[in-house]
Amino acid sequence: QVQLVESGGGLVQPGGSLRLSCAASHNIFSFYTMAWYRQAPGDQRELVAAITSGFRINYADSVKGRFTISVDTAKLTVYLQMNSLKPDDTAVYYCNAKMNQYNYWGQGTQVTVSS
């Protein structure tokens, strides 16, 4: 069983920055693809960014050039650095760990971009 705990969400003005953190219960980064998803009210959950166990990274087109996903294996933590935030980035952000049939989610953290 893998536990994932997100933190770092909050209220930020347009153009501002936030860094989300996802702490894993143990070192899974050699085996799992780690990802951040988000879900706005009334919308489906969508992939924001992902990093594989081989450190290949991909981003949603809507966040390319603004968001950065990274892993600190010593701290068992995945980060999502979000810059130049827009109101459309407002959502609950979820951390995900996936390997074959194993698929784990964190509880989510709210990000609100508003003036």
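Starting from one equal scatterer on each C-alpha and no solvent at all, send me the Debye-based log10 I(q)/I(0) for the chain at q = 0.20, 0.21 Å⁻¹, two decimals. Here log10 of I(q) over I(0) equals -1.04, -1.14.
About its Cα centre, what dipole magnitude does the chain give when the only charges are +1 on Lys and Arg Cβ and -1 on Asp and Glu Cβ, stated in debye to the nearest 20? Show your work: numbers first, answer last.
Working: 9 positive and 7 negative charges, 39 e Å.
In debye, rounded to 20, the chain gives about 180.
With charges only on Cβ, +1 for K and R and -1 for D and E, what is the dipole size of segment 28-72 about its Cα centre, in debye, rounded to 20?
60 debye
Considering only Thr112, Ala40, Ile51, the residue lying farthest towards the positive end of the dipole of segment 20-115 is Ile51, judged by Cα position with unit charges set on Cβ.
Label point 7 Å out from Asn103 along Cα-to-Cβ: which residues of segment 1-45 have amide N under 16 Å? Under 16 Å, as judged by backbone N against the label point of Asn103, lie 2, 32-39, 44-45 of segment 1-45. Extension gain, Leu47-Asn27: 0.36 nm per intervening residue step, less the Cα-Cα distance, totals 5.0 nm. Computed from backbone phi, the HN-Hα couplings of segment 99-105 come to 8, 6, 7, 8, 8, 10, 10 Hz, rounded to whole numbers (Karplus: 6.51 cos²θ - 1.76 cosθ + 1.60, θ = phi - 60°; Gly and Pro given as x).
Readers should treat all values here as calculations from the given coordinates under stated rules, not as data from a laboratory. Keep in mind that this is a model prediction, so the values were computed, not measured. Cβ atoms come from the backbone with ideal geometry, glycine included; neighbour counts cover every protein chain shown.
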